[in-house]
Structure formats: C-alpha cells, structure tokens
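Okay, structure first, notes after.
The values are calculated or read from the model by the stated rules, or taken from the named source; none is laboratory data. Source: prediction; values computed, not measured. Neighbour counts run over all protein chains shown; Cβ positions are idealised from the backbone, glycine included.
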Amino acid sequence: MKLNNRNTSMEDKRIYARFDEKNIRIYQAYNNRIAEEAVRLGTFGSSFKKDRMTWIKPSFLWMMYRSGWGTKDNQERILAIDISREGFDVILGNAVLSAYNQKIYKSYEIWKERLSRSEVRCQWDPDRDIYGRSIGRRVIQLGINGSIVAKYTNDWIVKISDITTDVINWRDEINNKKFDSKVLPLENEYPINEKLKKILGMI
C-alpha cells in the first residue's frame, strides 16, 4: 500500500483510502456464495445476512491481514466495493467508538448507552504491511448494522469488483519474493472535518 502524508506515530489516526470526488473504495471478504451473488447483482443479495453487523475496511492491507490474503474460511473472495462518499460520511457521522475514550465521552455510562443504540461501530487497529507486521499507526474499520446496512446495500454501493485473482497472484509473488509494491492501490488521506474527527476519536 502506498501512502501519501504518512505519519508513523502509533496513536496517529487517519483514514487512508482510494477515493475520488464522488466515491470511496472499501473492502470486504466473503465466501464464494455471497461474493458471486454480490458481483452478479451489483449489491448484496439474499445470501448476505442484513440483520448482522458487517465490517467495512478502507485499507487494502488491513483487509489482507484480516483475511490472510484470502486464505481464511469464509473470506476466500475479496471484494473491492466503491460506495458514495456521501454514504461513507453518513457512516462516519453515526459512529460510536468500540472502546471507551474519556476524552470523547463524558462518562463510561454515556458511552455504553450510545454504543448499545448505535448502528455504527468505529474501531482503530494497528495497520500492517504486506507481511502482516505492524507499521506503527492506526487504521480504521467500521461495523454497520440496522438501517445503515440497508442504506449501504440499497443506496450507497456504486460498484462491486471481485479482486480475488489479483490477491492470489500478489500473495504468491510475496511468498516467492517477487512482489513489486508499486502494484498496490494508491491510498491517500481522506479529508475529515473537525466534527467527524471528534466523533471518531481522532483528536
């Protein structure tokens, strides 16, 4: 993954992603049945459980770390999903941190109550390189459920691309010491206003 404006502080929390003026790319990994249906329909179908929380990840290498480069059970197919930035910003604006932060919430009880009602969970985890090693900064993943999932599948998805073949080829090249990092997605820092930064625990 190639990053612009990279900061190596472990507490550095920024969103790096592939995006343009209208859309942003996120990644998800599924089994063959869900993935094939999603690619065919251009959104998620009946095999996708809309009543469960689903996690979206803007960072390609974090998706690779979580899926074992497409080797983990039920994560064999890697989908690159372009969604509207408008929808993505709605997701961010409705997020509650998955862990209590006293700088963001007035009390543990207030955080717990908001978490119980929230349809979006925000989690910051150590970002990784192509070998799964921590690179010394945080990366975001967002868990969505309820009406947010409905809007995600019905309104916000612009395009679904199956990139599994690329992932397999890159995995083999890494294992054979022939990988060229230049082929990885270029991910830039996603612009976040001060209000969203506070919601996401970035300040």
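Scan segment 86-99 and tell me whether some residue there is without any contact (Cβ under 8 Å) to a residue 12 or more places away in the chain and not hydrophobic (A, V, I, L, M, F, W, C).
So far as segment 86-99 goes, no, none of its residues is without any contact (Cβ under 8 Å) to a residue 12 or more places away in the chain and not hydrophobic (A, V, I, L, M, F, W, C).
Counting only residues that are assigned to a strand (DSSP E or B) and out of contact with any Ser or Thr (no Cβ under 8 Å at 6 or more places or on another chain), how many does segment 89-114 have?
Residues that pass the stated criteria total 1.
Which condition breaks for Arg137 when tested against (1) within 22 Å of Ser59 (Cβ to Cβ); (2) of a type outside the set (Asp, Glu); (3) modelled with pLDDT of 95 or more?
Of the numbered conditions (1) within 22 Å of Ser59 (Cβ to Cβ); (2) of a type outside the set (Asp, Glu); (3) modelled with pLDDT of 95 or more, the odd one out for Arg137 is (3).
May I ask you to verify whether Asn154 is farther than 19 Å from Ala80 by Cβ and loosely packed, with under 12 Cβ neighbours inside 10 Å?
yes
Exactly one condition in (1) of a type in the set (Asp, Glu); (2) over 22 Å from Ile140 (Cα atoms); (3) touching a residue at least 60 places away in the same chain (Cβ under 8 Å) is not met by Glu76; state its number.
(2)
Counting only residues that are surrounded by 13 or more Cβ atoms within 10 Å (Cβ to Cβ) and among the basic types (Lys, Arg), which one in segment 68-100 is nearest to Ile26 (Cα to Cα)?
Arg85
Given the conditions (1) over 26 Å from Asp180 (Cα atoms); (2) part of a loop (DSSP other than H, G, I, E, B); (3) at pLDDT 95 or above, and given that Lys50 satisfies all but one, which numbered condition is not satisfied?
The one condition Lys50 does not meet is (3).
For segment 26-55, which residues satisfy the criterion of being crowded, with 20+ Cβ neighbours inside 10 Å and under 25 Å from Arg137 (Cα atoms)?
Residues satisfying the conditions are Ile26, Tyr27, Gln28, Ala29.
Quick test of your reading of the structure: Ile174 fulfils all but one of (1) in contact (Cβ under 8 Å) with a residue 24 or more places away in the chain; (2) within 20 Å of the chain's Cα centre (by Cα); (3) under 21 Å from Arg66 (Cα atoms). Name the failing condition by number.
(2)
Among Ile168, Ile174, which is among the β-branched types (Val, Ile, Thr), within 19 Å of Asn31 (Cβ to Cβ) and in a helix (DSSP H, G or I)?
Just one listed residue meets the conditions, Ile168.
Going by the conditions given, is Ala38 of a type in the set (A, V, I, L, M, F, W, C) and under 23 Å from Ile168 (Cα atoms)?
Here the answer is yes, as Ala38 does meet what is asked.
Can you pull out the residues in segment 101-113 that are exposed (fewer than 14 other Cβ atoms within 10 Å of the Cβ) and in contact (Cβ under 8 Å) with a residue 12 or more places away in the chain?
Asn101, Lys103, Lys112
Hey, among the residues in segment 118-151 that are closer than 22 Å to Phe48 by Cβ and small (Gly, Ala, Ser), which one's surrounded by the fewest Cβ atoms within 10 Å (Cβ to Cβ)?
Step by step, filter segment 118-151, then rank; the result is Ser147.
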